[in-house]
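Novice: One structure, as structure tokens, below. Some questions next.
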Ligand code: GLC
Ligand code: CA
């Protein structure tokens with residue numbers, strides 16, 4: 001395998017709006033990020049992914065871009081962005097941005113011109129289609145609910161949007177449009193950006209016949225992702241995108257890819273793949289409800305363990321996956337993947353350990369390193385997220401009682417990850433001196449960075465040690481390139497695997513159960529590398545208390 005510069009890196013996702021507000025307007029900003037680069041450096045972070053900071057009306061929190069070449073005023077200026085790049089570089093860190101090119105904002109100049117003249121040059125940047133039998137061109141449901149087709153006022157003509165109606169899909173069949181996107185990507189890379197996280201990218205290929213599909217819900221619509229699952233040819237676009245941009249800059253790219261057709265993984269992340277890596281969502285997909293969040297199954301330990309380890313085996317055969325516990329679209333991992341009794345600092349450390357030492361590129365999401373949890377939501381009006389509001393309506397329409405619909409949204413809402421970062425026990429968790437744009441999780445008085453800096457047993461201090469272990473020159477190669485083998489799978493509540501490189505082997509083991517367990521080892525322990533609590537192994541037995549994790553070489 002050819003070694004790449006990013007193989008042994010640790011990444012961190014910043015959700016700029018909620019990270020740190022430096023000017024008191026209640027919205028996180030670039031100044032705030034710059035002021036915390038040393039904090040991230042100390043955590044051991046190499047690559048920082050910024051969720052969108054481009055000019056946007058923020059209908060979908062910046063995933064609706066109105067100008068690909070401008071920084072949102074809310075976040076700062078291009079000069080501040082350049083400072084961020086320079087300051088990161090000084091510290092040996094890399095910045096990657098979100099690349100949202102399946103769609104743009106309806107406020108983008110291209111779309112405004114297209115809407116004014118759908119038959120003109122810009123009309124072909126989007127998908128305009130005539131209606132069918134007095135209705136939209138097909139029966140697709142958008143990811144955020146409702147039809148994928150929005151009517152052009154006064155005409156029997158519709159445009160396609162797979163997300164919100166304010167996010168019209170870009171017509172990738174148009175070579176002029178594609179060229180303009182590549183130019184934009186290269187413009188950022190020339191500036192010194194290290195790469196991109198690539199949003200919703202599997203959706204760029206459409207079936208141009210837009211055939212109706214069998215309805216899969218009481219609304220008579222079919223999820224537009226079913227069209228994505230069937231259509232061929234996305235690879236042609238992705239190859240051209242890679243060759244016209246990323247490849248020339250040796251950029252690091254991480255794709256957001258759901259709905260991949262079977263057997264395609266090597267094409268996406270192999271040696272000659274479209275991307276450096278893609279996120280591993282296999283554990284997250286366990287909560288996919290048949291219809292929505294209201295019927296999302298609870299994640300069971302056995303299914304979670306199997307999903308993670310199966311995905312590792314699949315990844316090993318193809319390339320590197322990017323491992324996450326949570327991100328800005330998911331509830332907090334501590335609340336989701338741990339049973340009630342394990343939603344503690346020990347549990348947060350345990351979950352972090354088994355995730356960060358997997359094979360692949362670890363992405364830590366802001367606040368994960370202090371064990372942030374889901375928020376308590378008392379009213380549907382507390383939510384900002386467009387998708388949460390849709391899921392609430394969906395639940396009510398299915399006859400789910402209000403309290404239950406609210407609870408389902410509380411458990412699954414993307415806003416759980418979007419509450420402000422908890423820096424201290426001061427007002428608004430130290431996030432802003434003004435009025436925060438989004439509710440602060442009231443648990444900030446207990447869970448915050450400042451308190452955890454002082455406490456040698458804190459989740460934060462543990463994460464620093466954990467990342468340092470992964471990057472320790474003695475172990476770095478093994479944690480980067482070592483194979484993964486599931487271990488102790490016959491033990492009901494144990495998540496364990498080995499990492500092996502040459503004649504060196506490390507065991508990562510965690511007891512997710514309520515009762516203590518003892519693991520019998522087939523060879524003697526050489527060295528205890530890490531544990532989240534006092535442990536007394538013998539030569540070949542490893543006793544683990546409830547919520548205890550350990551890393552040994554043996
Ligand atoms: C991706 C983003 C999500 C956004 C959607 C539309 O899934 O992660 O936040 O809403 O794409 O851009
Ligand atoms: Ca601000």
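Novice: Checking the conditions here, which among 507, 529, 519, 466 is crowded, with 20+ Cβ neighbours inside 10 Å and in contact with a strand residue (DSSP E or B) (Cβ under 6 Å, 6 or more places away or on another chain)?
Specialist: Working: 529 fails: crowded, with 20+ Cβ neighbours inside 10 Å; 519 fails: crowded, with 20+ Cβ neighbours inside 10 Å; 466 fails: in contact with a strand residue (DSSP E or B) (Cβ under 6 Å, 6 or more places away or on another chain).
Within the list 507, 529, 519, 466, the selection yields 507.
Novice: Out of all the residues in the stretch 206-236, which are part of a loop (DSSP other than H, G, I, E, B) and crowded, with 20+ Cβ neighbours inside 10 Å? Write out each step before concluding.
Specialist: Step one: of the stretch 206-236, the residues part of a loop (DSSP other than H, G, I, E, B) are 206-221, 224, 231-233.
If the condition is that a residue be part of a loop (DSSP other than H, G, I, E, B) and crowded, with 20+ Cβ neighbours inside 10 Å, then 206, 210, 221, 224 are the ones that fit.
Novice: Kindly indicate the residue of the stretch 28-44 that is in contact (Cβ under 8 Å) with a residue 60 or more places away in the chain and surrounded by fewer than 23 Cβ atoms within 10 Å (Cβ to Cβ) and also nearest to residue 468 (Cα to Cα) among those meeting that condition.
Specialist: Only one residue fits best here, namely 44.
Novice: Filter the stretch 146-188 for residues that are within 30 Å of residue 132 (Cα to Cα), outside any strand (DSSP E or B) and away from ligand 1 (no atom under 16 Å from the Cβ) and give the result. So that I can check it myself, show each step before the final result.
Specialist: Residues of the stretch 146-188 that are within 30 Å of residue 132 (Cα to Cα), as a first pass: 146-178.
Retained after the next criterion (residues that are outside any strand (DSSP E or B)): 146, 148, 152-156, 161-168, 171-178.
Scanning the stretch 146-188 gives 152, 153, 154, 155, 156, 171, 173, 174, 175, 176, 177, 178.
Novice: To continue, here is another question. I'd like the full set of residues that are more than 13 Å from ligand 1 (Cβ to nearest atom), part of a loop (DSSP other than H, G, I, E, B) and closer than 18 Å to residue 79 by Cα, limited to the stretch 21-67.
Specialist: 21, 22, 23, 28, 29, 36, 53
Novice: Answer with yes or no whether residue 153 is within 12 Å of residue 115 (Cβ to Cβ) and surrounded by fewer than 21 Cβ atoms within 10 Å (Cβ to Cβ).
Specialist: Considered against the rule, which asks whether it is within 12 Å of residue 115 (Cβ to Cβ) and surrounded by fewer than 21 Cβ atoms within 10 Å (Cβ to Cβ), residue 153 comes out as yes.
Novice: Name the residues in the stretch 189-203 that are crowded, with 21+ Cβ neighbours inside 10 Å and assigned to a helix (DSSP H, G or I), would you?
Specialist: The answer is 201, 202, 203.
Novice: Then there's this: Report, by residue number, each residue of the stretch 68-107 that is touching a strand residue (DSSP E or B) at 6+ places or on another chain (Cβ under 7 Å) and part of a loop (DSSP other than H, G, I, E, B).
Specialist: Within the stretch 68-107, 72, 77, 93, 101, 102, 104 meet the criteria.
Novice: Restricting to the stretch 239-256, name every residue that is within 20 Å of the chain's Cα centre (by Cα) and either surrounded by fewer than 23 Cβ atoms within 10 Å (Cβ to Cβ) or part of a helix (DSSP H, G or I) (or both). Steps first, please.
Specialist: Keep residues of the stretch 239-256 that are within 20 Å of the chain's Cα centre (by Cα), which gives 251-256.
Of everything in the stretch 239-256, those that are within 20 Å of the chain's Cα centre (by Cα) and either surrounded by fewer than 23 Cβ atoms within 10 Å (Cβ to Cβ) or part of a helix (DSSP H, G or I) (or both) turn out to be 251, 256.
Novice: Something else: Could you please find all residues in the stretch 212-254 being on the phi > 0 side of the Ramachandran plot and in contact (Cβ under 8 Å) with a residue 40 or more places away in the chain? Talk me through it step by step, then tell me what you get.
Specialist: The initial filter retains those residues of the stretch 212-254 that are on the phi > 0 side of the Ramachandran plot, namely 220, 233, 250.
Across the stretch 212-254, the qualifying residues are 220, 250.
Novice: Name the residues in the stretch 75-98 that are within 16 Å of ligand 2 (Cβ to nearest atom) and either crowded, with 20+ Cβ neighbours inside 10 Å or over 26 Å from residue 26 (Cβ atoms) (or both), would you?
Specialist: 75, 76, 81, 84
Novice: Those residues that are under 19 Å from the mean Cα position of the chain (by Cα) and either closer than 13 Å to residue 294 by Cα or within 16 Å of ligand 2 (Cβ to nearest atom) (or both), I need them from the stretch 388-415; list them, please.
Specialist: Just the residues of the stretch 388-415 that are under 19 Å from the mean Cα position of the chain (by Cα), to begin with: 388, 409-415.
Hits for the stretch 388-415 are 388, 409, 410, 411, 412, 413.
Values in this text are rule-based calculations from the coordinates and carry no lab data. Note that the structure is a prediction, hence the values are computed from the model and not measured. Note that we place each Cβ from the backbone using ideal geometry, even for glycine, and neighbour counts take in every protein chain shown.
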